[in-house]
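Trainee: I'd like to ask some things about the structure below.
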Amino acid sequence: METLKVIYEIKYPRILSFREFYKPIINPYFLYPSAKYAIGNEGTHQEYIRLTFEESKYYLVFTPDTISFQYEGSIQDLLKDGSHITTVFEVFRKLKESTHLLKISSELLEMFSFKDYSEDFVNTFVQKSKIDLFIDEPEDYAIIEEGSIDNYKCFLQYGPFKSSKDVKSYNLFSLDSLKKLEYSQKNGLLINSKLYSTDLDSVNKKTFIDITNKNLELINKVIAKYD
């Protein structure tokens with residue numbers, strides 16, 4: 001199994017004065033190699049900044065109500081000490097210091113995972129999923145589940161990987177053109193798993209590890225069904 005994309009977000013109540021103080025919080029990250037930035041809705045209460053770190057293959061989006069980290073690589077990279085995910089917690093800590101922010105609205109982890117299978121995986125998926133077909137010539141398949149796992153709300157979608165559609169739909173490989181080319185010829189299972197929690201007093205590396213482990217547990221159960 002390979003992780004194609006990771007989205008980790010911390011949400012908090014909207015800060016109306018956000019544009020007045022976010023730049024000093026984010027300025028130190030402009031010193032990172034090849035860092036690029038774009039400001040959206042400039043001059044309004046909706047102003048936000050998006051930092052792009054092409055060499056490290058991640059984005060950081062800082063808005064009046066969200067810190068969003070989007071990484072194109074393995075989730076295992078982010079579990080290591082000193083990984084890029086620490087940037088999120090640094091920014092959030094500085095935000096709390098600047099605004100005396102105490103409430104956390106939610107913590108979210110979304111993963112796009114891929115398991116390589118043979119060219120006939122579409123047929124395998126239909127058979128093992130016991131799907132009844134009502135269209136004469138179906139072009140795509142997916143199973144969607146929504147609900148709860150332990151203390152997390154969950155969204156799960158899985159089905160055969162279709163490069164011509166999925167790469168664009170989920171904005172995969174936006175920072176890695178070589179991988180985009182590699183996956184244009186692959187067949188297999190694509191899993192989109194999203195977990196989030198609203199019952200939190202704090203967010204940190206431990207809560208990130210916890211939500212990651214629960215997400216991986218879910219992904220592995222899906223893969224086991226088709227192995």
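Trainee: Express the accessible area of segment 28-85 per residue in Å², computed with a 1.4 Å probe while the remaining protein chains stay in the model.
Mentor: The answer is 48 Å² per residue.
Trainee: Something else about it: For a Förster distance of 45 Å, can you work out the FRET efficiency between the beta-carbons of S74 and D136, rounded to the nearest 0.05? Each step should come with its number before you reach the end.
Mentor: Details: r = 40 Å, r/R0 = 0.89.
About 0.65, to the nearest 0.05.
Trainee: Something else about it: Give me the percent of accessible area attributable to carbon and sulfur for segment 165-227, probe 1.4 angstrom.
Mentor: In segment 165-227, the share of accessible area belonging to carbon and sulfur is 48 percent.
Trainee: Oh, and also: Can you check how the C-alpha radius of gyration of the chain compares to 2.2 N^0.38 Å, as a plain ratio?
Mentor: The reported ratio for this selection is 1.11.
Trainee: Also: Projected onto the charge dipole of the chain (+1 at Lys/Arg Cβ, -1 at Asp/Glu Cβ, origin at the Cα centre), which of L109, N187, T66 gives the Cα projection farthest towards the positive end?
Mentor: After comparing all options, I get T66.
Trainee: Still on this structure: With r defined as the distance between the Cβ atoms of K225 and L181 and R0 fixed at 25 Å, what FRET efficiency is calculated, to the nearest 0.05?
Mentor: For R0 = 25 Å, the calculated efficiency reads 0.25.
Trainee: Which pairs in the list K103/K162; K168/K214; K179/K225; K23/K165; K57/K94; K103/K221 are over 30 Å apart, alpha-carbon to alpha-carbon?
Mentor: K103/K162; K23/K165; K103/K221
Trainee: How far apart, in nm, are the 7 Å Cα→Cβ label points at K168 and T44?
Mentor: It works out to 2.7 nm between the two label points.
The values are calculated or read from the model by the stated rules, or taken from the named source; none is laboratory data. Because the structure is predicted, anything quoted here is derived from the model rather than measured. Positions of Cβ are generated from backbone atoms using ideal geometry, with glycine treated the same way; all protein chains shown enter the neighbour counts. To get the accessible areas, we keep the full protein, side chains included, count just its heavy atoms, and leave off ligands, DNA and RNA. Shrake-Rupley method; radii C 1.70, N 1.55, O 1.52, S 1.80 Å.
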